[in-house]
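The block underneath contains the structure these notes are about, expressed in structure tokens.
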Amino acid sequence: MITYNSINVGLPDIDRQAVTSWIIQVASGYGKKVGDINYVFVDDGEILRINRQFIHHDYYTDHIGFDYTQGNILSGDTYISLDTVKTNARLFNKTYQEELYRVIIHSILHLCGIEDKSPEERLVMEKAEDAALTLLD
């Protein structure tokens, strides 16, 4: 089950049913099934608090994920800062919606095992994001 929640912000204007179907389709393409995935949309203050408390980093980020995947069943919590998504959309010359969908699927790709720590891994992640975004109706 995929859930969508928020802290300190309203839920973004997305078609949750379509996004859920899209996530399931992308996960299936990697041989994975969707278990319990919780998206929590937050503001920059909350993402910074989570980053400091759990990751021990003192900076803003667009998302933080906690992976509870077991075998081929994807499960996890993803916190997405809508403030940073807006900032990054301007920075990367994308619409807010485009950037939001990129971050949403980025978290699923992490759960599927795709990393992005090195420059080479980032290229693989970007290619996977681009491919996934073409599947969104």
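No lab work stands behind these numbers, since they all come straight from the coordinates. Just so we're clear, the structure is a prediction, and the values are computed from it rather than from any experiment. Cβ sites come from the backbone with ideal geometry, for glycine too, and all protein chains shown count toward neighbours.
Count the net charge of all other residues whose Cβ sits under 13 Å from the Cβ of Y60, scoring Lys and Arg as +1 and Asp and Glu as -1.
Result for the local shell: -3.
Could you order peptides 57-70, 8-21 by the average number of other Cβ atoms within 10 Å of their residues, highest first?
57-70, 8-21
Can you list the aspartates and glutamates whose alpha carbon sits under 13 Å from that of K117, skipping same-chain ones fewer than 8 residues off?
E126
Hey, quick one: spin label on I114, modelled 7 Å out along Cα-Cβ, who in region 59-83 has an amide N within reach, i.e. under 20 Å?
Within reach of a label on I114: 62-81.
In terms of the Cα gyration tensor, with a ≥ b ≥ c the square roots of its eigenvalues, is region 33-74 rounded because a/c is under 1.5, prolate because a/b exceeds b/c, or oblate?
Cα axes put region 33-74 in the prolate bin.
Which of the three applies to region 51-130, rounded, prolate or oblate, going by the alpha-carbon gyration tensor with a ≥ b ≥ c and a/c under 1.5 meaning rounded?
oblate
Quick query: amide H of F41 versus all other amide H atoms, modeled in the peptide plane; which residues come in under 5 Å with a sequence gap of 5 or more or a different chain?
N5, S6, I7, I80
Quick one: if the Förster radius is 22 Å, what FRET efficiency do K127 and I55 give, using the C-beta to C-beta distance and rounding to 0.05?
It comes to 0.30.
DSSP loop chymotrypsin sites (Phe, Trp or Tyr not before Pro) in region 11-58 with at most 13 other Cβ atoms within 10 Å of their Cβ, which ones?
In loop regions of region 11-58 (DSSP not H, G, I, E or B), there are no sparsely surrounded chymotrypsin sites (Phe, Trp or Tyr not before Pro).
Check the straight Cα-Cα distances from K33 and name the aspartates and glutamates below 15 Å, setting aside those fewer than 8 residues away within the same chain.
The qualifying aspartates and glutamates are D67.
Work out from phi, with θ = phi - 60° and the Karplus expression 6.51 cos²θ - 1.76 cosθ + 1.60, the ³J(HN,Hα) of each residue of region 74-81, listed in order in whole Hz, and give x for Gly and Pro.
Residue by residue, region 74-81 yields 6, 8, x, 10, 10, 9, 10, 7 Hz.
Under 5 Å between amide H atoms, partner at least 5 residues away or on a different chain: which partners does I2 have, H built in plane at 1.01 Å?
I37
How many angstrom separate the Cα center of region 1-26 from the Cα center of region 48-67?
Computed from Cα coordinates, the inter-centre distance equals 20 Å.
Less than 17 Å apart at the alpha-carbon level, and either on another chain or at least 8 residues along: which lysines does that give for K94?
The qualifying lysines are K86, K127.
Per-residue HN-Hα couplings for region 40-48, Karplus 6.51 cos²θ - 1.76 cosθ + 1.60 at θ = phi - 60°, whole Hz, x for Gly and Pro?
Running phi through 6.51 cos²θ - 1.76 cosθ + 1.60 with θ = phi - 60° gives 10, 8, 9, 9, 4, x, 6, 5, 5 Hz.
Can you give me the relative contact order of the chain as a percent, contacts being Cα pairs under 8 Å and 6 or more apart?
23 percent
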